[in-house]
Amino acid sequence: MQKSSKFFLGFITYHSIERRSATASIHVGQDSYFDNETVLEQFERLFQLIEFKEDFKNHKIEIVVDNARTHTAKSHSLQDFGKRIGTRCPVDKIEYVDLQGKRQTLNCYFQNGRHQGLSKGLYEISKELNVILPSKTTLEDLHKALADHPAFKVPSRLEQLAQKYNIRILFCPKFHSELNAIEGLWCHQKQFIRRNTDQTYNFQQRLKSGYPIASVSKGTGTMSIR
């Protein structure tokens, strides 16, 4: 019988609910923030480590992730494509499963003919997908017509990566920070700072500069911030 293990991934931390343990790592991306590539690298490392955990063998792994754009980024969306031939196009081809369950590949650039090497644009792509369009079609019409087509209902890059390791990704609903464990951590940290500092400009400058501002009393084990 297959057991189920759930992880919660906040910004940089993941927790094993079964063991009540936690591991954290930081690999800062561009502009002192995590980009999608950095996030995918870290998640893949996690997925690879899970394979070697004896406690998780024969388990169905589900990982709950917050709904940040760095997590939910997709390889392409309708808004990334232009309407006409030669306009913007984010991918060379789209692979998808059609309504009959068959895998299909759609080339987004012309492979031969007078337009060889140019992007097809959504209008030509729609015709290849046998989507019925009005005689005068706007880009908005194309978005509506293709919104429910399997070629454009793609999972996030993170979900696609997780599928390679037989792991399921569950995204927290948007605007519900109470479901994100890391938000509780930030909340308590900010409360601690407010209660234990004078909130002056000089203190904020020391905090930004990384100047040592905390000390621990050996006698009581309590921390004070100056």
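Since every read-out is calculated from the coordinates, none of them should be taken as a lab result. Computed from a predicted model, the values in this text were never measured in an experiment. Don't worry about glycine lacking a Cβ; one is built from the backbone with ideal geometry, like all the others, and counts go over all protein chains shown.
Say each of Gln79 and Arg103 gets a label point 7 Å from the Cα, pointing the same way as Cα to Cβ; how far apart are those two points in nm?
Simple spin-label model gives 3.0 nm for this pair.
Identify the residues of the range 122-165 with backbone N under 18 Å of a label point that sits 7 angstrom from the Cα of Phe110 along the Cα-to-Cβ direction, or state none.
122-129
Grab the beta carbon distance between Asp141 and Tyr96, set R0 = 22 Å, and tell me the FRET efficiency rounded to 0.05.
According to the calculation, E is roughly 0.55.
Which order do the peptides 147-160, 45-58 take when ranked by the mean count of other beta-carbon atoms within 10 Å per residue, highest first?
Put in order of decreasing packing, that is 147-160, 45-58.
Grab the Cα-Cα distance for Leu118 and Gln160, subtract it from 0.36 nm times how many residues apart they are, and report the gain in nm with one decimal.
12.4 nm
Note the full-extension length gain between Phe175 and Glu51 as 0.36 nm times their separation in residues minus their Cα-Cα distance, in nm to one decimal.
Full extension from Phe175 to Glu51 adds 41.4 nm.
Under the 0.36 nm per residue contour assumption, what length would be gained going from the current alpha-carbon distance of Lys127 and Arg206 to full extension?
Result for the pair: 22.3 nm of gain on full extension.
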